[in-house]
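Heads up, the thing below is written out as structure tokens.
The values are calculated or read from the model by the stated rules, or taken from the named source; none is laboratory data. Quick caveat: nothing in here was measured; it's all calculated off a predicted structure. Note: ideal-geometry Cβ built from the backbone for every residue, glycine included; neighbour counts use all protein chains shown. What goes into the accessible areas is simple: the full protein's heavy atoms, side chains included, and nothing from ligands, DNA or RNA. Shrake-Rupley method; radii C 1.70, N 1.55, O 1.52, S 1.80 Å.
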Amino acid sequence: MSPRRNRTGGSADRSSEIPAPMGSSLRRVESYRGEDWIVQTVAGTPGRFYRCPGCDQEIPPGVGHVVAWPDHGAGVDDRRHWHRACWGARERRTTAVQRGRGAPRY
């Protein structure tokens, strides 16, 4: 028995689609604390640790996460690296986030 073929609609269907610009689905604008924030999903860079402001835990190198910064012309210093789940739960978290027992103090 030969393997099953998945047939597409043909080249005419593909040419009618308008390709989205690179990165358009990864960068978006969301509201947080009454401000507009630019949010970008990143795959994670090797060799670099980040501290998530949502849970105050480290994001290890190579782990995908979210980078967010205010839309009002902020620079590189205002970017924050968040876990995806922490960014999604940012409105439900309290402001006084406690560190876990095993978390480093720096």
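In segment 31-67, which residues are out of contact with any Lys or Arg (no Cβ under 8 Å at 6 or more places or on another chain) and on the phi > 0 side of the Ramachandran plot?
Correct list: R33, G34, G44, G47, G62.
Could you tell me how many of the residues in segment 51-74 are surrounded by 16 or more Cβ atoms within 10 Å (Cβ to Cβ) and small (G, A, S)?
Going through segment 51-74 one residue at a time, the tally reaches 2.
Check off (1) exposed (fewer than 10 other Cβ atoms within 10 Å of the Cβ); (2) modelled with pLDDT of 90 or more; (3) assigned to a loop (DSSP other than H, G, I, E, B); (4) among the aliphatic types (A, V, I, L, M) for V29 and give me the number that stays unchecked.
Condition not satisfied by V29: (3).
Considering each residue of segment 37-50, count those that are over 16 Å from V76 (Cβ atoms), open to solvent by 40 Å² or more (accessible area, probe 1.4 Å) and at pLDDT 90 or above, and give that number.
Residues meeting the conditions: 1.
Only residues that are modelled with pLDDT of 65 or more and either loosely packed, with under 10 Cβ neighbours inside 10 Å or over 13 Å from Y32 (Cα atoms) (or both): list them for segment 87-99, please.
Passing the criteria: E91, R92.
Within segment 54-76, which residues are in contact with an Asp or Glu (Cβ under 8 Å, 6 or more places away or on another chain) and touching a residue at least 40 places away in the same chain (Cβ under 8 Å)?
Correct list: D71 only.
Yes or no, residue by residue, for (1) within 16 Å of E30 (Cα to Cα); (2) part of a loop (DSSP other than H, G, I, E, B):
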site: G44; (1), (2): no, yes
site: R48; (1), (2): no, yes
site: P53; (1), (2): no, yes
site: D56; (1), (2): no, yes
site: P61; (1), (2): no, yes
site: V66; (1), (2): yes, no
site: H72; (1), (2): yes, yes
site: D77; (1), (2): no, no
site: H81; (1), (2): yes, no
